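K.L.:
Let me give you the structure first, and then I'll get to my questions.
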Amino acid sequence: MKNKSLHALLQPTILAALLVALSFSPTGVKAQTGYYGPYFIFTDTSSASAYAFIDNAATNGDASVQLQVTPNWGIISDVYDSFAIGVWYDTAFNEAAVYNEKNTSGLQGSAFNVLVPNSHGTSFLQVATNSNISSAASYIDDPLINDNPDAIIFVTHNWNPDTSANYENEVQVPTGVFYDNGVSEWSVFNEDESAFVPNTAYNVFVPNAGNNVFTVTATPGNTGGGYILYMDNAVTNNDSNAILIVTQDWNPNGNLSGVYNNHPIGVWYDGTEWTIFNEDIDTIATGASFNVLVAGDKSPTGIKPIASLNASFTIYPNPASATVNLQLPQAYTSNTQIDVFNLLGQNIYNLPQNSNNTLSIDVSQWPEGAYYVRAINGNTTYTKNFIVARH
């Protein structure tokens, strides 16, 4: 067990997170090499602490690592992270960690997409100083992105870059990026418009342009006025294995106006499309925009990608009014765990060990609306959604 040297969270001493891989290996999930650098997904399954040690070969022993991190709900986690998150590095254990900036609740059950950017782009550190802060923003002023309103930028708060105590500030509000046309510079800013604190540091990654990097904007058509934004992008559709990194962007392409989204965000796969959602279940305002990077596919070598297996996982009828039937591939009927969630993330149906490839669920008393089914068998996860509707 580990305890954390981060002085703001040291009292009282807390047992550290023991991380497990998708295969439940005690040494952490193995990173894969992607176009932009190593990437992986990890979840904290055993700790109630406000932080989780990553314990990964791609990050262990590297105090200068500049991680990009985004919460991932649904594939292996059904926990909402309704708070800002950041990263830090512990020199006692030579491991990086993700933590809850407010230190108000644990990360147990939370899952995170992690990218270690080292290829096809530029990663650097942005430190807020009195000279580059203007109200709620810290101006980046880097020749790589100055005079470039079309840049797509990703940021993650870094509590102690290079393990220095000079930057130890919690950022308890959601942050994003915006382009100031007046000075032709990008900045990191607080979404609640609170004053930016000097000596706050951010990992910044500017990837090379490509179809794996794009911006999506909330509209009435892709949000329905709710808290979930459906991306509907050819790069991510029908690929539940995609590892996405997301940063809020106030005014993509240097638009003269923008929309604030003062909410922590995460990503979720609904069975067909990836979505961005507000972790606090509050409405995404029309016009709010998000930068998206697709890091890669998390499926281990030799395991069939989830998207292909989903084709043989069927739900009928859909929509359903009284009974919904689930049919799994014949080869994956032994010891399959079935869970059904509503759009609030509540687990409303659970069958720990299903041994049949066909299962009928009584939904006659369920409220009308959309539901999400997750079936887990060993290293394989199936995801589908269905609708309960009555006429």
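Each value in this text was obtained by applying a stated rule to the coordinates, not by laboratory testing. These figures come from a predicted structure and were not determined experimentally. For neighbour counting, all protein chains shown are included, and Cβ atoms are generated from backbone atoms with ideal geometry for every residue, glycine included.
K.L.:
For D339 and A389, compute 0.36 nm times the residue count separating them, minus their Cα-Cα distance, and round to one decimal in nm.
P.N.:
16.0 nm
K.L.:
Would you work out if region 113-221 is rounded, prolate or oblate? Take a ≥ b ≥ c from the square roots of the eigenvalues of the alpha-carbon gyration tensor; rounded if a/c is under 1.5, else prolate when a/b is larger than b/c, oblate otherwise.
P.N.:
The shape class here is rounded.
K.L.:
I need the shape label for region 188-284. Rule: rounded when a/c is under 1.5, else prolate if a/b > b/c, else oblate, with a, b, c from the alpha carbon gyration tensor.
P.N.:
Prolate shape, in that a/c is at least 1.5 and a/b is the bigger ratio.
K.L.:
Let me ask another. Between N347 and D147, what is the spin-label point distance in nm, taking each point 7 Å from the Cα along the Cα→C-beta axis?
P.N.:
Distance between label points: 5.5 nm.
K.L.:
List the residues, sorted by chain then number, that are 5 or more residues from E279 or on another chain and whose placed amide H is less than 5 Å from its amide H.
P.N.:
Excluding prolines and chain starts, which carry no amide H, the hits are I265, G266.
K.L.:
Give me the net charge for the shell around V213: Cβ to Cβ below 15 angstrom, other residues only, Lys and Arg +1, Asp and Glu -1.
P.N.:
Within the 15 Å Cβ shell, the charges total -2.
K.L.:
N118 to T217: extension gain in nm, 0.36 nm per residue of separation minus the Cα-Cα distance?
P.N.:
32.9 nm
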